[in-house]
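Bear in mind these aren't lab numbers, they're just calculated from the coordinates by the rules spelled out. None of these values were measured; they are calculated from a predicted model. Note: ideal-geometry Cβ built from the backbone for every residue, glycine included; neighbour counts use all protein chains shown.
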Amino acid sequence: MKSYVEEGIQIVELEGSIQQAQTDELEKILESFHARRHHNVIVDLSKVNHVCSSALGVLVTYKRLYKQEKGDLKLIITDENLQQLFEITMLDKVFEISETKKEAIEKFD
């Protein structure tokens, strides 16, 4: 998991299967952004093939927190099964989902 800034937006890249240990790390990163008042965030799930339910909860929680601060949390998803998970759980209605980082960054304009 790595995080960096591009065009003023915090980006977190994850890969593989997101289980509880990775969820805890993701939550720490998202909380650090919130504490430092960085509220425009992209979580790049383009290299992820599985997300546990607790990770979904963390994403929803921080999306809400960032929105309260006039920011947003957007996702990059390319895996078809992961996209279906977001559709089945109706989280595709909660998050703006892009297929590329460029597209996700442009959605902040």
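With the largest listed first and rounded to whole Å, the semi-axes of the equivalent ellipsoid of the chain from the Cα gyration tensor are 19, 16, 13.
Restricting the calculation to Cα atoms, region 1-55 yields a radius of gyration followed by a Dmax of 11.1, 30 Å.
For the chain, the membrane-span-like helix rule (DSSP H, alpha carbon extent of at least 18 Å along the helix axis, mean Kyte-Doolittle at least 0.0) picks out 53-68; this says nothing about an actual membrane. Less than 12 Å Cβ to Cβ from PHE86, Lys/Arg counted +1 and Asp/Glu -1: what total charge do the surrounding residues give? Taking every Cβ under 12 Å from that of PHE86, the sum is -4. Taking label positions 7 Å along the Cα-Cβ direction at both LYS102 and VAL60, the computed distance is 3.4 nm, reported to one decimal. Per-residue Cβ neighbour counts within 10 Å put THR100, THR78, THR23 in the sequence THR100, THR78, THR23, beginning with the fewest.
Extension gain for ILE88 to GLU6 (0.36 nm times residue separation, less C-alpha to C-alpha distance): 26.4 nm.
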